[in-house]
Amino acid sequence: MNLPLPSHLDTSTASALTGAKDGTPITVSFGDGIGPEIMAASLKILHAAGAKLRVETIEIGEKVYLGGNSSGIEPTAWDSLRGTKVFYKAPITTPEGGGYKSLNVTVRKSLGLFANVRPCVSYAPYVATKHPVMDIVIVRENEEDLYAGIEHRQTDEVVQCLKLISRPGCEKIVRYAFEYARANGRKKVTCFAKANIMKMTDGLFNEVFDEVAKEYPEIKADHFIIDIGTARLADTPEIFDVIVTSNLYGDVISDVAAQIAGSVGFAPSANIGQHCAMFEAIHGSAPTIAGQNIANPSGLLLAGVMMLTHIGQADVAEKVHNAWLKTIEDGVHTADIFDEASSSEQVGTDAFADAVIARLGQTPQKLASVHYEATAPVAVPTYSRPEPLKKDLVGIDIFTHWRGDADSLAEQLVLDGDAPFDLVLITNRGVKVWPSGLPETFCTDHWRCRFMAREGTAPGNKDIVSALSTLAGRGVDFVKTEHLYEFDGKLGYSLGQGQ
Ligand code: NAD
């Protein structure tokens, strides 16, 4: 698909961007709401700075959703994305009401964009902020964690969401964060997790972080538990440099960081994968100000700067970024950041673009200028699967739907002497209720019943099927099972209270 570029772009820029034979092919979507205005402004600046691009356009977003495609993207658009491998994306509008899938999640997962990179910088005193010294980069894992979207209702009262954390996922994101730090002259990488509570999932993230950090001795590495880390980030962001974290925590803290830096309208993001990459502003389509030529194109423009470094046009990236810094420093501001005290002129989207173009070749005098020429491209890590571990089945957790009490449930779960398992524990929402539960504990209708292998037995999956068959014969309503393994002799499950 190659749609005409929007009328905001003058025809010579439009034809240069679509016709350039020697340009790097990129896929562009103009999006919804303010999308076409800010994309046109950004492309105009990139082109004026000498970016060598060959633009292919695709249609995504509101029209596609409302046309009956619940993913918001036409099947043909994938051909362009897979061909160019670089996606410069304006914000889209997700229609109200249910049934529409998140386009961002679809694109990230389909193209394997595992790393979400969000620089959050404050521009004091030119843009009002409580944190004048803030220059951090959040590297968020993009593909797994609770965002795998695997949810189930198991009983009348209980629903669950699976938190999946994988070693390849952790290794790729942590290594990417260190590679990013190395390539960009950053001094420290901080890991945010909650391993004191989620010892296996967040524990794996922490463990991999410590392993990988050893490969980068010149970069300082430290940890924060996510709760106090977020509090420190909101209070004293200047103590952080690069932060690496899993999907949900990263989603939350990157918005906190962008907001406290001064303006969400300034923040760009890059989504990086082994094969493809996507660059966009973090804000949405701002439909209430669409078509008025007042939107701030800065977030999308800075995403374009990240794109230029990604495709090897660091010299142009530096030129654009420094001209943009000079424009901000000169007080030429769009309405969203205009302030009598720090701004000299309020401009619309097009005039802001022209102001940046007029400053191409200049550098800021007070704000720190950027230097991308020295920046080596960030190496995208791959994962090589090690030899398999020795896996021994040592028990099973059987989850049951039961409206009675723990003692009467336990009575139904006693297996006969031939079975290789013994019931050792029942918990309700993780709290031990059998044996010796407390009468005060509130119990739902969802029970985790732990069976451990009897001494001297080596049970297999057939024994599990046979135990479940026995329980089914007694009318036990089991809703899920989890096998308990040891991997090379190391426990592969969390211990229940009292074990
Ligand atoms: P929004 O980011 O569009 O707007 C929030 C506020 O910030 C509004 O007051 C808006 O006017 C202002 N704003 C945002 N960007 C601005 C800019 N560049 N210049 C000046 N002001 C700006 O968030 P929302 O209102 O919650 O969402 C609107 C639509 O955008 C929704 O349909 C939502 O689903 C979608 N959205 C898309 C993306 C994306 O495509 N990546 C991200 C977030 C939201």
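Data table
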{"item": "For the chain, projected area of the alpha-carbon convex hull averaged over all directions, nm²", "result": "27.5"}
{"item": "Partner aspartates and glutamates for K187 [C-alpha distance under 17 Å; skip if fewer than 8 residues away on the same chain]", "result": "D135, E179, D210, E215, E218, D222, E238, D241"}
{"item": "Mean residue ellipticity (222 nm) of the chain, computed from DSSP H runs ≥ 4 via -39,500 (n - 2.57), nearest 500", "result": "-10000 deg cm²/dmol"}
{"item": "Considering only the chain, percent of DSSP beta bridges that pair antiparallel, nearest 5", "result": "65"}
{"item": "Length-normalised contact order for region 46-188 - Cα pairs under 8 Å, 6+ apart - percent", "result": "14"}
{"item": "For region 391-491: relative contact order, % (alpha-carbon pairs under 8 angstrom, 6 or more apart)", "result": "47"}
{"item": "Between 0 and 90°, nearest 10: helix 167-183 axis offset from the chain longest Cα axis", "result": "30"}
{"item": "Which of E211, E171 is most accessible, then next, and so on - probe 1.4 Å", "result": "E211, E171"}
{"item": "Cα pair count fraction exceeding 19 Å, expressed as % - region 130-261", "result": "49"}
{"item": "Kirkwood Rh, angstrom, region 229-376 [1 / mean 1/r, Cα pairs]", "result": "16.6"}
{"item": "For region 396-447, the spread of Cα positions along each principal axis, largest first, Å", "result": "36, 20, 18"}
{"item": "Whole-number percent relative contact order across region 130-261, with pairs defined as alpha carbons under 8 Å at least 6 apart", "result": "39"}
{"item": "Mean shadow area of region 1-89, taken as a quarter of the surface of its Cα convex hull (nm²)", "result": "5.5"}
{"item": "Ratio of the Cα radius of gyration of region 391-491 to 2.2 N^0.38 Å, where N counts its residues", "result": "1.06"}
{"item": "Exceeding the 26 Å Cα-Cα cut-off - candidates K52/K326; K52/K101; K89/K194; K163/K391; K188/K390; K52/K109", "result": "K52/K101; K89/K194; K188/K390; K52/K109"}
{"item": "Rounded to 10°, Cα long-axis angle of helix 226-235 versus longest principal axis of the chain", "result": "30"}
{"item": "Centre separation in Å (Cα based) which lies between region 171-221 and region 54-95", "result": "33"}
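The values are calculated or read from the model by the stated rules, or taken from the named source; none is laboratory data. Owing to the predicted nature of the structure, the values given are computational and were not obtained by experimental measurement. Areas reflect the complete protein model, heavy atoms only, side chains present, ligands, DNA and RNA absent. Shrake-Rupley method; radii C 1.70, N 1.55, O 1.52, S 1.80 Å.
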